[in-house]
Amino acid sequence: MRHALLVLDKRSSPGSIRAIAAESPEEFVAAALAMLESKSDRGDQHRLYMGLVESPDFLVLLLQPGRFDRPRLLDVCRGLKEIDDLLDVRLARLAPGRHENAYGLPPEVVLRLLDILHVISSGPRLIQILGHLTRHPDERVASKAALLIACRLRNHDWVRTQFESPVPRVRANVVEGLWGVDTPFARKWLWDALKDENCRVAGNAILALHLLREPEAGKLTEQMLGDVRPEFRRTAAWLMGKLAKPEFAECLKEAAGDEDPRVREAVARALEVFRKPEVGGAISSPAKEMQMGQGLSPGNPDDPAHSITLLDNFPKPEI
């Protein structure tokens, strides 16, 4: 395989790359990356890289689940982006188009692609390429695309359209895309999102207001803990545990006898946080923690009370 790539390094074509990749995909990817890393001359490295990406097979193979775990794939893509600043554009063009899925990527690979792009690509240049994915038939893809776009686009009409989506995941991720954004534009939509019928959307909005040091955020969290809907009470308990503000302890103790067993379970988990020695603000500086990619963690994506996630080193656009 390495010999074949050495030949490719001298003279390549999309057809020859495709043939080598089809022979043994695993070995092809490993050998190609090894050769790229071995090139000390930036010009030689760039020439080999351009030969590889002339056919999309190389990038498609990189994205396949099971080939690399997320940290390794991020490292690989960051390294490739140092060679080619347009790597994010090349990757984005692999995604399903408005009318066809030219590369036959299944939803799991598209999700992986969007996740990687969200980390390695800053600025708005992917909006036009990926914007249509917010209407993808797979709700996971649509919501992941909504998060990526929301972090890069400040447009009232676009946000209004997404807030009208029947998919709660999409609405929730649009709100998540506004975390840490302290502008009248963001605050207007966060307050609107508090009225959403979905607990994750409303919970994301409350968390955003906490991050902005909104004085009413604590009161809103306490009110949610008293909501007639158990899923909202469960979300509030989860928020209180993650934020770990001392003033929430008494509210949680009073909610420990909630009639709903899942709410009681969430309350019990939150109270465990307050029994730890370091309690007194598990997230003492929410905005700082968000920027560092620390603090809240995703939990079970199918449980609205565990679906509120801090951006894991995702880039924040300039407003």
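Any read-out appearing in this document is the output of simple, stated calculations on the displayed coordinates, not a laboratory observation. All values derive from a computational prediction rather than experimental measurement. Every residue, glycine among them, receives a Cβ derived from its backbone with ideal geometry; neighbour counts consider all protein chains shown.
Going by average Cβ neighbours within 10 Å, how do the peptides 108-114, 200-206, 254-260 rank, with the highest at the top?
Sorting 108-114, 200-206, 254-260 by mean packing, highest first, produces 200-206, 108-114, 254-260.
Using 1/(1 + (r/R0)^6) with R0 = 22 angstrom and r between the beta carbons of Ile120 and Phe163, what's the FRET efficiency to the nearest 0.05?
For R0 = 22 Å, the calculated efficiency reads 0.20.
Using the beta-carbon distance between Asn101 and Arg67 and R0 = 22 Å, what value does 1/(1 + (r/R0)^6) give for FRET efficiency, to the nearest 0.05? Don't skip to the answer; put the middle values down first.
Numbers: r = 20 Å, r/R0 = 0.91.
With R0 = 22 Å, the Cβ-Cβ based efficiency is 0.65.
Region 69-148 to region 201-241: how many Å between their Cα centroids?
So the separation of the two Cα centres works out to 31 Å.
Are any of the pairs Lys144/Lys245; Lys39/Lys81; Lys219/Lys253 more than 24 Å apart by Cα-Cα distance, and if so, which? Can you show the working numbers first?
On the way: Lys144/Lys245 30 Å; Lys39/Lys81 15 Å; Lys219/Lys253 16 Å.
Violating the 24 Å limit, Cα to Cα: Lys144/Lys245.
Report the calculated FRET efficiency for Gln128 and Glu54 (r = Cβ-Cβ distance, R0 = 35 Å), to the nearest 0.05. Please list the in-between numbers first.
Details: r = 23 Å, r/R0 = 0.66.
E(calc), rounded to 0.05, equals 0.90.
Is region 205-248 best put as rounded, prolate or oblate by its Cα gyration tensor, with a ≥ b ≥ c the root eigenvalues, rounded for a/c under 1.5, and otherwise prolate when a/b is larger than b/c, oblate when not?
The shape class here is prolate.
What ranking of Phe232, Phe163, Phe274 emerges when the number of other C-beta atoms within 10 Å of each C-beta is taken as an exposure proxy, fewest first?
Listing Phe232, Phe163, Phe274 from fewest to most nearby Cβ atoms yields Phe163, Phe274, Phe232.
Which distance in nm do the two modelled labels at Arg135 and Val228 give, with both placed 7 Å along the Cα-to-Cβ direction?
Roughly 3.7 nm, to one decimal.
Which order do peptides 238-244, 139-145, 266-272, 152-158 fall in by mean Cβ count within 10 Å, highest first?
238-244, 139-145, 266-272, 152-158
How many nm is it between the label spots at Arg42 and Asp85, if each spot is 7 Å from the Cα in line with the beta carbon?
It works out to 1.1 nm between the two label points.
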